[in-house]
Amino acid sequence: MDLSLPDVRGMTKLDRAKFTKEVTVPSVEVIGKNVGKSMSIFKKYLLKMEKVKPVTEVDGSDERRKLLLDPILFETLDKLGEDHQQKLSELDVNMNSFSSTCLHLEYHNFRMDDILKAVLPEGKEGCTSYSRIGHIIHLNLRDHLLPYKNLIGEVLVDKLIGVKTVVNKSSAIDSTYRNFQMEVLAGEADFVTEVKENMCTFKFDFSQVYWNSRLCTEHERIIKLLPQKSVLFDVFAGVGPFSVPAAKVRKCRVFANDLNPSSYHWLKENVRLNKVENIETFNLDGRQFIREQLPPFLLARPTEQIHVTMNLPALAVEFLDAFIGLLSGVELDPLLNMTVHVYSFCEESSASSEMRTKVESALKHSIEDEQIVELVDVRDVSPKKHMLRLSFRIPPAVLTKVLEGETASEPKRPRLDLENQDR
């Protein structure tokens, strides 16, 4: 079926009245009481168009009904199998029951993809992907699509159920607070939204915090990696996509931190919203969080498995130096069972070796093969840029390294009051 609309090519201001077309589709008349049985035979051939009912009355009467068929999928009665032809014969459907029906299509009948394909430049990449965050659609439009940005936004609001706001990224992500400037293309400037993920509800202001729906699978992977009732230190927690389900679903004890005041606000709100009590929240720089919160816990000789998540791909590796000498001069017996999950962006051609080199360089220490839990290619950011995660057991020598100006016999340790320590 030809749904081309040559008159709207290049339109930059949405004119819904321009989207009209007459099309002809095959149809078949059946006795009203046989509609159900007939539809079971024609089910895969029925016309599927927005706001078009595939079953209509004939001459305003219930006695006969007309089934509209897809001209691409259905050719002739002869193409149906013998079993179906026999069943149709029993329902008084024959060659004379078939005809053509003319439909008048308007804007509300066209799918979103058909509208955008008709409008946007031929031979160039269209608006092929977007992220949905609750009622918000987030776009990252290419330069050649910017003249059409408002039209694209209006079409998305019109065609996607529950969408109230469409925004386009207008600047790079800020490495400090992990947010970015955005432009509202259509709908309401309402950025407070809710998302459900990993059996938890997350509420946040999308304009002030970082949230990437494409990381849902990675969030789930990490949650599944955490043993029940283990301990999680989430260095760059954001609004809690690791921390909240770790506490709620895996019953972990969680220490969650984020430097962004807005992220910290919504992190606390999501802890409340999901009714989890085994989370302590912090609004600190990542290094400060590691150096202040880990040593008291580690020196108490915990028996639980400890996991540290560091999901800030642009900078996380640089924060690994905070582990150097964290327990300077302390004898670890038994050794700590601590796994670090650190993320970074790497070039596609050398991603695996680059990731390991980055981590070893930051730690100023090599990582043995047996200390690597897994190396995961999380997602393609661009054709040549990948987001990777290296999960590894931190070498004890990194933690216990005697820092310059200290001696092994007189290590510099945190001041502790273990009896009254609120962990």
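Which whole-number percent is the relative contact order of the chain (Cα, under 8 Å, 6+ apart)?
10
Taking the Cβ-Cβ separation of LYS169 and SER353 as r and a Förster radius of 35 Å, what is the calculated FRET efficiency to the nearest 0.05? Could the numbers behind the result be given before it?
Numbers: r = 31 Å, r/R0 = 0.89.
Approximately 0.65, to the nearest 0.05.
Can you give the relative contact order of segment 198-400 as a percent, counting alpha carbon pairs under 8 Å and 6+ residues apart?
Computed value for segment 198-400: 18 percent relative contact order.
What is the angle, in °, between the Cα long axis of helix 286-299 and the longest principal axis of the Cα atoms in the chain? Nearest 10 is fine, range 0 to 90.
So the helix axis and the longest Cα principal axis differ by about 60 degrees.
Please label the shape of segment 21-105 as rounded, prolate or oblate, based on the square roots a ≥ b ≥ c of the eigenvalues of the alpha-carbon gyration tensor (a/c under 1.5 means rounded; beyond that, a/b larger than b/c means prolate, else oblate).
oblate
Taking the Cα centre of the chain as the origin and placing charges on Cβ (Lys, Arg +1; Asp, Glu -1), which of THR76, ILE367, ASN278 is farthest toward the positive end of the dipole?
ASN278
Quick one: among MET310, MET199, MET95, which has the greatest mean-square fluctuation in a GNM of the chain with alpha-carbon springs under 10 angstrom?
Of the options given, MET95 has the highest mean-square fluctuation.
Using modelled amide H (1.01 Å from N, peptide plane; none on Pro or chain starts), what sits under 5 Å from the amide H of ALA186, excluding residues fewer than 5 places away?
Answer set, sorted by chain and number: VAL166.
Students often forget the sequence filter, so: which aspartates and glutamates lie under 16 Å Cα-Cα from LYS164 once same-chain residues fewer than 8 apart are removed?
GLU154, GLU183, GLU188, ASP190, GLU194, ASP205
Go through SER207, GLY36, ALA314 and say which Cα lies farthest out towards the positive end of the charge dipole of the chain; charges sit on Cβ, +1 for Lys and Arg, -1 for Asp and Glu.
Comparing the listed Cα positions along the dipole, GLY36 ranks first.
Over the alpha-carbon set of the chain, work out the extent along each principal axis and list the three values in angstrom, largest first.
The Cα atoms of the chain stretch 100, 48, 42 Å along their principal axes.
Taking the Cα centre of segment 263-383 as origin, sum charge times position over the Cβ atoms of Lys and Arg (+1) and Asp and Glu (-1), and report the length of that vector in debye to the nearest 20. Present the calculation step by step, with values, prior to reporting the outcome.
Values: 10 positive and 20 negative charges, 110 e Å.
That gives a dipole near 520 debye.
From the helices alone, meaning DSSP H stretches of at least four residues, give me the mean residue ellipticity at 222 nm for the chain, per-run term -39500 (n - 2.57), in deg cm²/dmol to the nearest 500.
-6500 deg cm²/dmol
Search the structure for amide H atoms under 5 Å from the amide H of VAL402, placed 1.01 Å from N in the peptide plane, and list their residues when 5 or more places away or on another chain.
Amide H to amide H, under 5 Å and 5 or more residues apart or across chains, VAL402 pairs with GLY329.
Cross-link partners among aspartates and glutamates for LYS33, C-alpha distance below 20 Å, same-chain residues fewer than 8 apart left out?
LYS33 reaches GLU57, ASP59, ASP62, GLU63, GLU90, ASP92.
Given the peptides 96-109, 347-360, arrange them by the average over their residues of other C-beta atoms within 10 Å, most packed first.
Values: 96-109: 13.7, 347-360: 15.3.
Answer by packing, highest mean first, reads 347-360, 96-109.
Sort segment 198-400 into rounded, prolate or oblate with this rule: let a ≥ b ≥ c be the square roots of the eigenvalues of the Cα gyration tensor; rounded if a/c is under 1.5, and if a/c is not under 1.5, prolate when a/b is larger than b/c, oblate otherwise.
oblate
About its Cα centre, how strong a charge dipole does segment 198-400 have in debye, to the nearest 20, once Lys and Arg get +1 and Asp and Glu get -1 at the Cβ? Can you show the working numbers first?
Working: 23 positive and 25 negative charges, 143 e Å.
Charge dipole of segment 198-400: 680 debye, to the nearest 20.
Once neighbouring chains are kept in place and the probe is 1.4 Å, which whole percent of the accessible area of the chain is contributed by carbon and sulfur?
Ligands and nucleic acids excluded, carbon and sulfur reach 46 percent.
Which pairs break 18 Å Cα to Cα here: LYS196/LYS268; LYS43/LYS66; LYS159/LYS203; LYS51/LYS159; LYS251/LYS275; LYS124/LYS169?
LYS159/LYS203; LYS124/LYS169
How do 383-394, 290-301 rank on mean C-beta neighbours within 10 Å, highest first?
Working: 383-394: 18.6, 290-301: 16.8.
The most tightly packed comes first, giving 383-394, 290-301.
Specify which residue in the list GLN86, PRO54, SER100 is farthest towards the positive end of the charge dipole of segment 40-102, using unit charges on the beta carbon of Lys, Arg (+1) and Asp, Glu (-1), about the Cα centre.
PRO54
Relative to the Cα centre, what is the charge dipole magnitude of the chain, using +1 at the beta carbon of each Lys and Arg, -1 at the beta carbon of each Asp and Glu, and rounding to the nearest 20 debye?
520
For the Cα atoms of the chain, what angle does the longest principal axis make with the long axis of helix 149-159, in degrees from 0 to 90, nearest 10?
Orientation of helix 149-159: about 70 degrees from the principal axis.
Would you mind working out the accessible area per residue for the chain, using a 1.4 Å probe, and quoting it in Å²?
Each residue of the chain exposes 52 Å² on average to a 1.4 Å probe.
How tilted is helix 261-273 with respect to the longest principal axis of the chain? Cα atoms for both, answer in degrees (0 to 90, nearest 10).
70
The values are calculated or read from the model by the stated rules, or taken from the named source; none is laboratory data. Bear in mind that the values here come from a model prediction, so they are computed numbers and not experimental data. Using ideal geometry, Cβ is built from the backbone for each residue, glycine included, and neighbour counts are taken over all protein chains shown. We work out accessible area using only protein heavy atoms, side chains counted, and drop any ligands, DNA or RNA first. Shrake-Rupley method; radii C 1.70, N 1.55, O 1.52, S 1.80 Å.
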